[in-house]
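Presented below is the structure to which this report refers.
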Amino acid sequence: MLSHASAVPPAVPSDNDLSIDDLDRAITSLAAQLNAVTHDFLILVRRFDERAGWLGWGFQSCADWLHWRCDLSLSAAREKVRVAHALKCLPAIAMAFAKGELSYSKVRALTRVAGRENEDELLEFALRTTAARVEERCRELRCGRAASTDEAVRALARRSLSLRRDPDRGTITITVELPLETGELVDKALDQAVEATASSTPELAEESWAAQRADALVALAQTYLGRSGGGEAATGTSDHYQVVVHVDESALRGGVGGPVYRSNRSGASAVMRAALYWSRTSTASR
């Protein structure tokens, strides 16, 4: 959804006879400008998020809005929002970034481990080495802390999943808490499922991002149970998991009948919701 109408083309020299040294200087100069512009971009993102501007478009988070509005992958959007907020507490790193002295790759790594006590030291190191070495050093700091093992154990112990049924609304609310790395795995699976669902069911692409991710979760469940696309899984479990809905014929024809269901919602709407997701076998009885 990114609009390119107001985009300004970069000032790239048109002379093809530029020397290698001239090209080197032009590239590094533009790289520094890109760093500075990226800093400004993240500052705007932080302000936008702090004011919950994304609510105006009906999104659940600033990352969801960035993903849609600026053509970023969802994981990249989440990282940019995280870095944008982290920079608020790291003034020295933010200043070097604003001057173009630090790349986004370095800043992204630094913001994972930098704090008041080590910001200056890490900044000095980052300014005189490569992005790869900065990332390696920050990874060592992040994983090598004495408390990191205890934190991982606590995060694993807190993992949970709960379902809360709301018969009046005809919905189930699923709440999950997972360790960060495991949660990222689930997040990537949902992203891939969203893309697959959008390609196979284009009419759902106009749904909200939150709705698409809910559909993606259902698609993952269908795949596990062997009902994705109506096919049978290798485990042969699909016949073992069935939901039988009995509904009056009058409800399907617009009457007042309802399904024999734990909900007072109309039979037609309940069956239509089921039809969106499930493979179906219909029988008639009188």
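Here are the numbers for this structure:
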| read-out | value |
| --- | --- |
| Residue count for region 32-90, restricted to those that are in contact (Cβ under 8 Å) with a residue 24 or more places away in the chain, buried (at least 17 other Cβ atoms within 10 Å of the Cβ) and of a type outside the set (D, E, K, R) | 15 |
| Thr175 vs. criteria more than 17 Å from the chain's Cα centre (by Cα), under 26 Å from Trp54 (Cα atoms), at pLDDT 85 or above and polar (S, T, N, Q) | no |
| Selection status of Ala114, surrounded by 12 or more Cβ atoms within 10 Å (Cβ to Cβ), touching a residue at least 12 places away in the same chain (Cβ under 8 Å), of a type in the set (A, V, I, L, M) and in a helix (DSSP H, G or I) | no |
| Selection from region 38-84 of residues that are of a type in the set (Val, Ile, Thr) and either under 27 Å from Leu185 (Cα atoms) or in contact with a strand residue (DSSP E or B) (Cβ under 7 Å, 6 or more places away or on another chain) (or both) | Val45, Val81, Val83 |
| Among the residues listed as Glu101, Glu140, the single one being modelled with pLDDT under 95 and surrounded by fewer than 18 Cβ atoms within 10 Å (Cβ to Cβ) | Glu140 |
| Test: residue in region 25-46 that is in contact with a Cys (Cβ under 8 Å, 6 or more places away or on another chain), closer than 18 Å to Lys80 by Cα and either acidic (Asp, Glu) or outside any helix (DSSP H, G or I) (or both) | no |
| Extreme residue, modelled with the highest pLDDT, among residues of region 143-156 that are part of a helix (DSSP H, G or I) and surrounded by 12 or more Cβ atoms within 10 Å (Cβ to Cβ) | Ala155 |
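The values are calculated or read from the model by the stated rules, or taken from the named source; none is laboratory data. This one's a predicted model, so the numbers in the text were calculated from it and none came from an experiment. Note: ideal-geometry Cβ built from the backbone for every residue, glycine included; neighbour counts use all protein chains shown.
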